[in-house]
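Notes to accompany the following structure.
The values are calculated or read from the model by the stated rules, or taken from the named source; none is laboratory data. These numbers were taken from a predicted model, which means no experiment stands behind them. Quick reminder, even Gly has a Cβ in these numbers, built from the backbone with ideal geometry, and neighbours come from all protein chains shown.
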Amino acid sequence: MELKICHLYGDVLNLYGDRGNIITMKKRLEWRGIDCAVEKINPGQTASLAGCDLIFIGGGMEFDTRLIADDLRAGRAAELKAAVEDGVSLLAICSGYQLLGRYCQDGKGVKTPMAGVLDMYTVCGKERMTGNYKFVLGEKSGGYEVVGFENHQGKSYLSEGVEPLGKVLCGHGNNGEDGGEGARYKNLFGTYSYGPILPKNAKLCDHILLTALERKYGLKELEALNDRAENEAFAAINARLG
Amino acid sequence: MKLKVVFAIIVCKALRLVSRLMHRGGTAMPGRYALKICPQLLSVLAKNVQTVVITGTNGKTTCSRMVEEAFEREGKKYFSNRSGANLIDGITTEFVINSSLSGKNRCDYAVIECDEAASVRVFAQMQPKVIVVTNLFRDQLDRFGDLAHTRDSIKKAIGSVPTATLCLNADCSLTSSLADDMPNRVLYFGMNRGAAPNKEKAEISDGDICIRCGHEYEFEYINFGHLGGFFCPNCGHRRPEADFAVVDIAHQSTEGSSIVMDMQGERRMVTVNLPAMYNIYNAAAACAAVCAMGMDKDAAVQALSGFKCGFGRMEQFDIGAGARMMLVKNPTGCNLVMEFLSNIKERFSLVISLNDRTGDGKDISWIWDTDFEQLTALSGRIKSLVVSGDRAEEMRLRLKYAGFDENAIVTERDCEKLVEWMKGEDCPVFIMPTYSAMLDIRQVIVKHCGGSEFWE
């Protein structure tokens with residue numbers, strides 16, 4: 001078995017620890033004897049998403065997003081949309097998550113059109129939402145508790161038809177208002193938990209990997225691993241959040 | 001106004017006295033209250049002092065100590081914020097302590113380390129004579145927003161001091177471009193092609209995108225991170241010539257480096273009394289700063305060979321078989337510390353202590369951008385691998401995914417026990433702590449085997 005992971009816009013959207021998610025997915029596949037190939041596709045590159053089983057998009061800095069908006073317009077948006085509708089797994093974090101929506105509106109009120117994969121929009125808020133936070137995944141995504149770190153000024157609003165990934169237990173999530181965190185649509189997972197969400201949330205990592213393995217090989221279950229270090233890292237920060 | 005100044009100074013001095021009587025540092029708090037009374041206090045106190053201010057992501061403290069050494073050797077009357085309190089309140093405290101009640105400073109010069117985020121307020125009030133920006137890397141994003149935001153702050157800060165001489169890192173596109181559209185005099189420092197072995201571009205790099213046009217940079221050579229001979233194939237923006245350029249690294253050891261530096265056309269052999277590549281950059285920055293302050297090149301060269309280690313920066317302790325503390329706070333700095341470790345030939349033990357308090361950055365995701373994988377190549381020489389600090393579990397998890405056996409990693413959060421263990425180790429111990437972890441461990445070491453308090 002082999003999973004092909006595409007790290008989309010990896011040289012631009014890699015703000016702080018996003019690499020930890022790639023390392024974690026790769027290791028957890030390898031420890032189970034499943035091969036994993038990671039390919040980076042950057043803005044301006046014409047490489048196709050066809051044949052990839054899982055797409056990962058990380059977070060980025062504000063001055064890099066214009067590059068991305070141009071690339072989305074040049075055809076990547078349509079390709080992403082087709083892949084998601086086709087059931088390809090996708091994990092998108094922070095500004096990678098924002099770019100899946102219809103548009104982002106900056107502090108001056110200027111709207112930049114985004115990929116339109118999700119029926120969602122993002123507006124720049126007044127205050128930065130920063131800190132360790134916690135949410136509980138919806139049943140469809142395993143129902144586990146997830147701890148992460150959020151750091152965003154954008155507030156995202158989902159349309160009626162889009163489910164949040166989970167419910168905020170403490171912290172802000174999508175917008176600090178409706179209690180929703182992230183988005184879940186088909187095998188798309190969007191979240192504001194920026195940087196390395198997967199290492200200490202091993203169950204979520206396995207859940208996402210399984211969606212891709214099920215689609216490709218019909219796999220229903222993953223072999224259990226010794227997750228002592230993962231669980232203790234989760235427990236340490238979880239205890240602090242109360 | 002005058003009355004307010006005097007009142008603020010009295011309050012500040014009194015609070016400092018009380019702090020010291022209670023055996024506290026009292027580095028930032030007195031200044032904070034003084035600024036509440038008189039918000040423009042620093043501008044009054046800095047009026048007759050010629051100041052060199054040092055900011056940037058990495059190397060602020062070490063570069064400051066190097067510059068300070070030159071002032072010391074030249075017999076100049078100067079003061080500095082040695083305690084590391086580098087926000088406007090801590091800097092104000094230092095100015096007050098060195099002033100009379102009427103606000104007249106006892107010193108002619110000041111060497112001030114300034115936090116990037118504080119630069120806007122500090123520069124505008126202090127009106128420094130020389131501004132050094134060491135480099136810009138991703139660092140503590142939860143505090144600063146992001147790197148673009150940090151850079152904008154420094155740019156705005158520089159904009160308030162058109163008369164200052166800028167000493168900028170030529171090899172860092174984010175730093176050297178700070179001089180764009182500014183009337184200031186500029187001295188660039190850097191490391192020329194061929195001085196150091198060319199490195200591969202790091203997987204995570206901060207200065208990839210042309211600051212002027214947004215196109216991707218190409219590199220003629222890379223020294224580390226995004227530092228090197230960058231040029232933009234689209235708009236032509238490229239690394240400026242360095243006025244203070246390291247042209248050759250003749251010798252590197254665990255004690256220091258011998259380098260050849262071109263100083264405004266004069267070639268000098270320079271000994272840097274601290275090991276590791278990043279300190280060669282700090283040395284070049286310090287040379288530029290010392291000369292920009294009006295001292296001669298000999299003063300700069302002598303300072304570099306004579307200065308002592310900064311607080312927690314390659315600091316050595318006489319405990320057990322010897323310990324060395326190497327502050328880590330962001331991926332680039334941490335990678336360079338591990339590169340230094342890879343040159344250690346003997347067996348050693350390693351402590352990594354990760355905290356997530358305000359001084360460290362509350363976000364610890366940077367450990368996933370750091371190449372701890374390179375430590376696995378040294379595992380045959382690492383006797384014990386210990387994780388410590390508030391986020392010890394997360395550190396252990398990172399090491400597990402880097403390739404270490406999680407059961408071979410020891411977790412020890414108690415600093416007393418940690419130091420007790422260090423006393424009994426029969427090989428050198430290297431400690432890689434984040435800022436507040438450094439303070440915690442250092443305090444216990446000092447209690448056991450001597451050393452100065454943090455404000456000394």
Considering only segment B:355-425, give the helices (runs of 4 or more DSSP H) lying wholly within it that have at least 3 residues that are surrounded by fewer than 23 Cβ atoms within 10 Å (Cβ to Cβ) and touching a residue at least 24 places away in the same chain (Cβ under 8 Å). B:373-376, B:415-424
Run B:Gln302 past the list (1) among the polar types (S, T, N, Q); (2) modelled with pLDDT under 95; (3) in contact with a Gly (Cβ under 7 Å, 6 or more places away or on another chain) and report the number of the one that doesn't hold. (3)
Kindly establish whether B:Leu336 is under 19 Å from B:Leu378 (Cα atoms) and either of a type in the set (Ser, Thr, Tyr) or part of a strand (DSSP E or B) (or both). no
Can you pull out every residue in segment B:178-197 that is surrounded by 14 or more Cβ atoms within 10 Å (Cβ to Cβ) and either in contact with a Cys (Cβ under 7 Å, 6 or more places away or on another chain) or over 20 Å from B:Cys287 (Cα atoms) (or both)? B:Met182, B:Leu187, B:Phe189
Failed item, numbered, when B:Ile431 is tested on (1) closer than 30 Å to A:Trp31 by Cβ; (2) in a strand (DSSP E or B): (1)
Determine which single condition B:Lys383 fails, assuming it passes every other condition in (1) out of contact with any Cys (no Cβ under 9 Å at 6 or more places or on another chain); (2) at pLDDT 95 or above; (3) of a type in the set (D, E, K, R). (1)
Of A:Tyr16, A:Tyr9, which residue is crowded, with 22+ Cβ neighbours inside 10 Å, of a type in the set (Phe, Trp, Tyr) and more than 9 Å from chain B (Cβ to nearest Cβ)? A:Tyr9
Does A:Tyr185 satisfy the condition of being in contact (Cβ under 8 Å) with a residue 60 or more places away in the chain, touching a helix residue (DSSP H, G or I) at 6+ places or on another chain (Cβ under 9 Å) and within 14 Å of another protein chain (Cβ to nearest Cβ)? no
For residues in segment A:115-155 being aliphatic (A, V, I, L, M) and over 17 Å from the mean Cα position of the chain (by Cα), which is modelled with the highest pLDDT? A:Val123
For B:Gly361, are the conditions met, namely being within 12 Å of another protein chain (Cβ to nearest Cβ) and over 19 Å from the mean Cα position of the chain (by Cα)? no
Which one of A:Leu67, A:Leu72 is among the aliphatic types (A, V, I, L, M), within 11 Å of chain B (Cβ to nearest Cβ), in contact (Cβ under 8 Å) with a residue 40 or more places away in the chain and more than 30 Å from B:Gly403 (Cβ to Cβ)? A:Leu67
The number of residues in segment A:127-170 that are within 14 Å of chain B (Cβ to nearest Cβ) and farther than 22 Å from A:Gly17 by Cα is 1
Considering only residues of segment B:138-174 that are modelled with pLDDT of 90 or more and within 14 Å of chain A (Cβ to nearest Cβ), which is nearest to B:Gly229 (Cα to Cα)? B:Ser173
Complete set of residues in segment B:187-227 that are hydroxyl-bearing (Ser, Thr, Tyr), more than 14 Å from every other protein chain (Cβ to nearest Cβ) and touching an Asp or Glu at 6+ places or on another chain (Cβ under 8 Å): B:Tyr188
